[in-house]
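Below you'll find the structure, written out as structure tokens, and then a few comments.
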Amino acid sequence: MRLKIIAGNLVAVLIVGLGSYFYVKSELEKNLGAQVDQDIANESQLLARSWRLSGLEFVEQVRERANTNEVRGAFGALDESSRRTRAHQQANSVASWFQDPARGRGGRPDIVLLTDETGRVIARDQDINRLNGTSLVQPLPSIRRALQGNAARDAWLKEDENKLLQVAMAPVRNQEGGVIGVLLVGYDISNGFAEREAEVLGREVAFLREGSIYSSSLDQSIVSGLQSELFGEMGAVTTAALGGQPSSPFTTSIGGTEFVGVVAPLPATPSQQLAVAVLGNKTAQTELAAVSQVILILMAVGFIFVVVYGFILGTSIIRPIEQIEEGVLRVVNGQTDHRIDVKSTELGGLAYTINQLINVFTGVEETDAEGRSRASGSNWGGAAAPTTGTSPSPGGGGGDAGGDDDAELAAQLAAEPAEQYEARIYQEYVAAKQAAGEDVSNIPQDRFIARLRKNAENLTKKHGCRMVRFQVQTKGNQVILRPVVIR
């Protein structure tokens, strides 16, 4: 029975727990995956806007530096060597200015340089001789806009270093407002740059140039697979994006990880065909559904609780039942004086009822706390059970309130020989029963006397007296044996 109780509850916990787990998990995976699909196109547009706004801020910062007297003063040197030295110093000064975290550019620029009014490099930061005299008009056509007096931004593929730079340019003017040169500041579109963009966006970002991924926020183990995908099976989509046509959302699996992505042209890079891929890690997103595993943990806790509680509950029911069963078997096997004693709120009443039933079939009397005996039935193994009524008289006498008559009665009963007393009480009891109209054919003398002695022995022990004898009395239609305590 104990196992049935535990097993039934375990099955209920299992069905509810697993049902809840699979339902919640499937719903979370479906909704989280759908969220990535829906958001990825919007997030590509967000990156484009972020790129434009960041570029405008970048241009404004370069314009601010180009309009300072310090930068303008670099062009006032009397000879070429002095001008180079001053330009180099100012380039380093501007680089230090941008390195301040307050500028929000992520560190020192990869390049800062000053050109003359024709677009030839006067000097750059760090290395005074590097790029000296190099014309930027061909590799960076948008510099013409700065030479014409308009700030500009672009992407510059610096082939000698194999770097792809995001650059901002602003004209340097003399006191009369004429353009005397250009200040150019550039940052590498590096993996770190991509990681910063990805952190803001909450998605993976990869910057693409013709034929390859230039930088990304992805692990290097995934980059090669993504490159093969974008420039292999999806080559036409990537080429269109490099040409200015954004793609529709697509799904691809790389190294066991499923991505949802969009490839779109990178804005404000007229000198280079560049694109950016925004990728949502669908696998990682749906893994958030693992929070549903808390249901499995709670189910395991429920299993433990069911086992422990079921064992305790089952034991509290089974043990009394086993005691009742054992007691009944003992009575069946001949121990008719045995009674079931079960300390159980739930089954104590059943045990008491069974004891009453045993009394009915065996004719055994029960004595209550006051010494009164109750006949359990008219048949007790062939003998009717005598019924005792009022409490024994206290103090050494019988009768009511311990009067003189009671003391005299107690003395008379004590003096009467036992065999004579027992025979007399039996005859008086049978006569009283007959007078009350009851059948006395089933009251054998030997069983009656045995019960009489048993009751007397119990009351003697209870009251600590010398003996207890009985007096037959009739109250209404009921014949009782009234105990008399003899001190």
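Please treat every number below as a calculation from the coordinates, not as lab data. Predicted model only: the values in this text are computed from it and were never measured. Ideal geometry is used to build each Cβ from the backbone, glycine not excepted, and the neighbour counts take in all protein chains shown.
Take the Cβ-Cβ distance between Lys461 and Ala418 as r, set R0 to 25 Å, and report the resulting FRET efficiency rounded to the nearest 0.05. Plugging the Cβ-Cβ distance into 1/(1 + (r/R0)^6) gives 0.90.
Take the Cβ atoms of Asn42 and Ile318, set R0 to 56 Å, and the FRET efficiency comes out at 0.30. Projection of the Cα convex hull of the stretch 67-184, averaged over all directions and equal to a quarter of that hull's surface, yields 6.9 nm².
Determine the dipole magnitude for the chain: charges of +1 sit on the beta-carbon of Lys and Arg, -1 on that of Asp and Glu, nothing else is charged, the reference point is the Cα centre, and the result goes in debye to the nearest 20.
For this selection, approximately 480 debye.
Here is what passes the span test in the chain: the DSSP H helices with alpha carbon length of 24 Å or more along the helix axis and a Kyte-Doolittle mean of 0.5 or above are 293-332.
Cβ-Cβ distance of Ser224 and Ala450, R₀ of 60 Å, FRET efficiency by 1/(1 + (r/R0)^6): the value works out to about 0.05. The slack in the chain from Leu3 to Arg108, taken as 0.36 nm per residue of separation less the alpha-carbon distance, amounts to 30.5 nm.
Computed on the chain, with alpha-carbon pairs under 8 angstrom and 6+ residues apart, the relative contact order is 12 percent.
In a reduced charge model with +1 at each Lys and Arg Cβ and -1 at each Asp and Glu Cβ, the stretch 180-324 shows a dipole moment near 300 debye about its Cα centre. Projecting label points 7 angstrom from Cα along Cα→Cβ for Glu176 and Phe311 puts them 10.1 nm apart.
Kirkwood Rh, the chain, all Cα pairs: how many Å?
32.8 Å
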